[in-house]
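Participant: To start, I am sharing the structure in question, which I have written as structure tokens.
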Amino acid sequence: DQQVKQNSPSLSVQEGRISILNCDYTNSMFDYFLWYKKYPAEGPTFLISISSIKDKNEDGRFTVFLNKSAKHLSLHIVPSQPGDSAVYFCAAMANNNDMRFGAGTRLTVKP
Amino acid sequence: DAGVIQSPRHEVTEMGQEVTLRCKPISGHNSLFWYRQTMMRGLELLIYFNNNVPIDDSGMPEDRFSAKMPNASFSTLKIQPSEPRDSAVYFCASRGTSGSLRETQYFGPGTRLLVL
């Protein structure tokens with residue numbers, strides 16, 4: 001049962017433009033959400049998170065938006081850079097604190 | 001700190017053989033997680049430990065999979081017997097507790113397993 005879904009397996013954008021990665025979840029008990037970034041042959045690394053008491057969190061070029069009523073969150077990268085090319089995983093946590101991940105979206109930023 | 005250490009980095013084995021994956025978490029971290037990454041299902045949580053005690057193993061695919069954490073600095077994930085469908089990248093992650101239960105997880109580099 002995929003409680004966290006990333007319906008776009010891949011995304012390609014031009015350098016300098018905005019990248020928008022989307023994530024949907026089904027479990028209403030989730031109250032903390034994270035994005036991880038993964039380069040080939042490496043483990044995922046934490047990128048940005050958001051608590052359910054917020055609807056936006058910004059860190060430099062990265063902004064995460066949360067729409068609780070729609071059970072949807074998105075990661076915006078502006079401006080996109082070639083070094084941002086990686087697989088991005090959305091993750092969600094509930095009170096039990098184990099983390100559920102989506103299947104990932106492969107972002108390619110073209111120079 | 002060296003981060004989460006996993007060994008081996010690559011493993012090729014034949015169907016039916018026993019496979020043991022190893023993980024050393026970051027020193028001081030008290031939670032350890034095993035994940036499996038496949039093209040079809042992305043990152044799946046297999047099992048996690050708190051203070052060396054298994055908390056949730058509902059993600060373990062079947063009885064062929066077992067995990068242990070004999071002490072705070074070492075964990076193993078064993079597959080016996082292995083099957084070709086077990087081929088995947090297996091990640092170990094650890095998490096500390098600094099007063100916030102939402103502290104992020106730190107992943108190891110993964111073990112790429114191929115079962116022929």
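Since every read-out is calculated from the coordinates, none of them should be taken as a lab result. None of these values were measured; they are calculated from a predicted model. No Cβ is skipped: glycine too gets one built from the backbone with ideal geometry, and neighbour counts run over all protein chains shown.
Participant: Which whole number gives the average, over all residues in B:41-49, of C-beta atoms from other chains lying within 10 Å of the residue C-beta?
Facilitator: Working: counts 3, 13, 13, 4, 5, 0, 1, 4, 0.
Average per residue, whole number: 5.
Participant: Mean separation of Cα pairs under 8 Å and 6+ residues apart, divided by the residue count of region B:1-72: what relative contact order is that in percent?
Facilitator: Values: 86 pairs, mean separation 15.0, N = 72.
Once divided by the residue count of region B:1-72, the mean separation gives 21 percent.
Participant: Just the number, please: percent antiparallel of the DSSP beta bridges in chain A, rounded to the nearest 5. Spell out each step's value before the answer.
Facilitator: Numbers: 37 of 42 bridges.
Percent antiparallel among DSSP bridges in chain A is about 90.
Participant: Here is a follow-up. Quick one: dipole size for the protein assembly as shown, taken about the Cα centre, charges +1 on Lys/Arg Cβ and -1 on Asp/Glu Cβ, in debye to the nearest 20. Intermediate results must be reported in sequence, preceding the final value.
Facilitator: Numbers: 24 positive and 22 negative charges, 89 e Å.
Once rounded to the nearest 20, the dipole reads 420 debye.
Participant: Give me log10 I(q)/I(0) at q = 0.15 Å⁻¹ for chain B, Debye formula, one equal scatterer per alpha-carbon, no solvent.
Facilitator: Debye output, listed in q order: -0.60.
Participant: Right, another one. How large is ³J(HN,Hα) for each residue in region A:67-81, as worked out from phi by the Karplus curve 6.51 cos²θ - 1.76 cosθ + 1.60 (θ = phi - 60°), to whole Hz, x for Gly and Pro?
Facilitator: 10, 5, 5, 8, 6, 9, 9, 9, 10, 10, 10, 9, x, 6, 10
Participant: OK, next. Residue-wise, which Karplus ³J(HN,Hα) couplings in Hz belong to region A:59-64, taking 6.51 cos²θ - 1.76 cosθ + 1.60, θ = phi - 60°, and x for glycine or proline?
Facilitator: Residue by residue, region A:59-64 yields 9, x, 7, 10, 9, 10 Hz.
Participant: In the neighborhood of B:Arg64, defined by Cβ-to-Cβ distances under 10 Å, what is the net charge if each Lys or Arg adds +1 and each Asp or Glu adds -1?
Facilitator: Net charge around B:Arg64: -4.
Participant: A follow-up question, please. I want the antiparallel fraction of DSSP beta bridges within chain B, as a percent rounded to 5.
Facilitator: Details: 36 of 40 bridges.
Approximately 90 percent, going by the DSSP bridge assignments.
Participant: Now for a different question. Taking region B:49-92 on its own, what percent of its Cα-Cα pair distances exceed 15 Å?
Facilitator: Beyond 15 Å sits 47 percent of the P(r) for region B:49-92.
Participant: Additional query: Could you sort the peptides A:26-38, B:26-38, A:65-77, A:49-61 by per-residue average Cβ neighbour count (10 Å cutoff), highest mean leading?
Facilitator: On the way: A:26-38: 18.0, B:26-38: 19.9, A:65-77: 16.0, A:49-61: 12.8.
Listed from highest to lowest mean packing, they are B:26-38, A:26-38, A:65-77, A:49-61.
Participant: Where Lys and Arg each count +1 and Asp and Glu each count -1, what net charge lies around B:Val115 among other residues with Cβ under 14 Å from its Cβ?
Facilitator: Details: positive: B:Arg36, B:Arg64, B:Lys78, B:Arg85, B:Arg112; negative: B:Glu11, B:Glu14, B:Glu18, B:Glu83, B:Asp86.
Combined, the nearby Lys, Arg, Asp and Glu give 0.
Participant: Where does the charge balance sit around A:Phe65 when Lys and Arg score +1, Asp and Glu -1, over other residues with C-beta under 9 Å from its C-beta?
Facilitator: It works out to a net charge of 0.
Participant: Go through B:66-74, B:86-94 and give me the packing order, highest mean Cβ count within 10 Å leading.
Facilitator: Numbers: B:66-74: 14.9, B:86-94: 22.6.
Listed from highest to lowest mean packing, they are B:86-94, B:66-74.
Participant: Further question on the same structure: Please arrange B:Leu77, B:Leu114 by counting, for each residue, the other beta carbons lying within 10 Å of its beta carbon, fewest first. Don't skip to the answer; put the middle values down first.
Facilitator: On the way: B:Leu77 24, B:Leu114 13.
Ordered from fewest to most neighbouring Cβ atoms within 10 Å, B:Leu77, B:Leu114 come out as B:Leu114, B:Leu77.
Participant: Additional query: Rounded to the nearest 20 debye, what is the charge dipole size of chain B about its Cα centre when +1 sits on each Lys and Arg Cβ and -1 on each Asp and Glu Cβ? Don't skip to the end; give the middle numbers.
Facilitator: On the way: 12 positive and 12 negative charges, 56 e Å.
Once rounded to the nearest 20, the dipole reads 260 debye.
Participant: Along each of its three principal axes, how wide is the spread of alpha-carbon positions in the protein assembly as shown, in whole angstrom units, largest first?
Facilitator: Between the extreme Cα coordinates on each principal axis of the protein assembly as shown lie 48, 39, 36 Å.
Participant: Mind checking the dipole of chain A: about its Cα centre, +1 per Lys or Arg Cβ, -1 per Asp or Glu Cβ, Debye to the nearest 20? Mind showing how you got there, number by number?
Facilitator: On the way: 12 positive and 10 negative charges, 41 e Å.
Value, rounded to 20: 200 debye.
Participant: Using a 10 Å cut-off around each Cβ of peptide B:105-112, what is the average number of partner chain Cβ atoms that fall inside? Before the final figure, lay out each step's value.
Facilitator: Values: counts 10, 4, 7, 3, 3, 5, 0, 1.
Average neighbour count from other chains, rounded to a whole number: 4.
Participant: Let me ask something additional. Take every Cα pair under 8 Å in chain A that's 6+ residues apart, average their separations, divide by the length, and report that relative contact order as a whole percent. Mind showing how you got there, number by number?
Facilitator: Details: 272 pairs, mean separation 41.8, N = 111.
Dividing the mean separation by the residue count of chain A yields 38 percent.
Participant: Hey, another quick one. Counting other beta carbons within 10 Å of each residue's own, what order do B:Thr97, B:Thr111 fall into, fewest first?
Facilitator: Values: B:Thr97 14, B:Thr111 21.
Lowest to highest Cβ neighbour count: B:Thr97, B:Thr111.
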